[in-house]
1. Restricting to the range 99-109, count the residues that are surrounded by fewer than 18 Cβ atoms within 10 Å (Cβ to Cβ) and either touching a Cys at 6+ places or on another chain (Cβ under 6 Å) or at pLDDT 95 or above (or both).
2. With respect to Gln225, is the statement that it is under 30 Å from Val102 (Cβ atoms), exposed (fewer than 15 other Cβ atoms within 10 Å of the Cβ) and of a type outside the set (Lys, Arg) true?
3. So, in the range 85-98, of the ones that are surrounded by fewer than 18 Cβ atoms within 10 Å (Cβ to Cβ) and of a type outside the set (A, V, I, L, M, F, W, C), which residue ends up farthest from Leu68 (Cα to Cα)?
4. Can you pull out the residues in the range 162-201 that are out of contact with any strand residue (DSSP E or B) (no Cβ under 7 Å at 6 or more places or on another chain) and under 16 Å from Glu150 (Cβ atoms)?
5. In the set Leu157, Leu82, which member is over 15 Å from the mean Cα position of the chain (by Cα) and either touching a residue at least 12 places away in the same chain (Cβ under 8 Å) or exposed (fewer than 15 other Cβ atoms within 10 Å of the Cβ) (or both)?
6. Looking at Ala217, Ala173, Ala199, can you tell me which residue is exposed (fewer than 14 other Cβ atoms within 10 Å of the Cβ) and touching a residue at least 24 places away in the same chain (Cβ under 8 Å)?
7. Ser111 fails exactly one of the following numbered conditions: (1) over 16 Å from the mean Cα position of the chain (by Cα); (2) in contact (Cβ under 8 Å) with a residue 24 or more places away in the chain. What is the number of that condition?
8. Take the range 58-114 and flag every residue that is touching a strand residue (DSSP E or B) at 6+ places or on another chain (Cβ under 7 Å) and of a type in the set (S, T, N, Q).
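The values are calculated or read from the model by the stated rules, or taken from the named source; none is laboratory data. Here the structure is a predicted model, which is why all the values come from computation and not from measurement. Positions of Cβ are backbone-derived with ideal geometry, glycine not excepted, and every protein chain shown enters the neighbour counts.
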Amino acid sequence: MNNANLIMLGLLSISSAFSSALVYAGGNDDPLLTKVIIDQFEKGVDPSDPSQFSAQAWLGHDLNKLWLKTEGEYANSEEQDLEIQALYSRAIAPYWDLQLGVKTDIKPSPSRNWAVIGVQGLAPYFFEVDTALFIGDQGRTALRLSAEYELLITQKLVLSPEIEMNLFGKDDAELGIGSGVSDISAGLRLRYEIIREFAPYIGVDWRQKLGKTADYAREEGEDTQETQFVIGFRAWF
């Protein structure tokens, strides 16, 4: 599977589910609404850097929604990542949703399936937070913590720092994942909103593997830390 096919598979898993959805505002105080957000669609500036995407979409009413989330990365035929989540989301407080559902890690192989319990919303000082607990088979558990902030430099120029951390409850030697804090990543992206719905950006992305995960990487001759400059776009509709 080549670069474009991997990325489009993830994006189509969202857009195909919502492409036929219509918004009926009529006299309904709680209309059926839908939104698709491509948070990141980017490529490292170095030819050897991977391509990455992250997208999500929802369909529903004020309190109850169906969410789909997907993200992936493609470096070459041997280095691919792709995950898809299908979630039921329920508003539990202003700006906060409780989310329940399933996640499938399609790549790398072997694939893994998880039950998901998560919380997503807007924390004080306008930090966008997305936290999820994953429960898999054979006693596997994982926790993902991510946060993002948007700093408005001008009406069209936005600086967006973000951070993400992954933790695992047990080793998964087949996938090179160790228990404890597995990895941490941070990014800084500067985008220009040509229109509100579309914004190209440049940025820098840093990742560090930790603990037993870093040990697995060293055994395979892989780097445990990487920094790359990226160019991409963000869009929503």
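1. Here the count works out to 3.
2. no
3. Out of the qualifying residues, it is Pro94.
4. Arg196
5. Of Leu157, Leu82, the one residue that is over 15 Å from the mean Cα position of the chain (by Cα) and either touching a residue at least 12 places away in the same chain (Cβ under 8 Å) or exposed (fewer than 15 other Cβ atoms within 10 Å of the Cβ) (or both) is Leu157.
6. Working: Ala217 fails: exposed (fewer than 14 other Cβ atoms within 10 Å of the Cβ); Ala199 fails: exposed (fewer than 14 other Cβ atoms within 10 Å of the Cβ).
Answer to the check: Ala173.
7. Ser111 satisfies all of (1) over 16 Å from the mean Cα position of the chain (by Cα); (2) in contact (Cβ under 8 Å) with a residue 24 or more places away in the chain except (2).
8. Asn64, Thr70, Gln80, Gln85, Ser89, Gln99, Thr104, Ser111, Asn113, listed by residue number.
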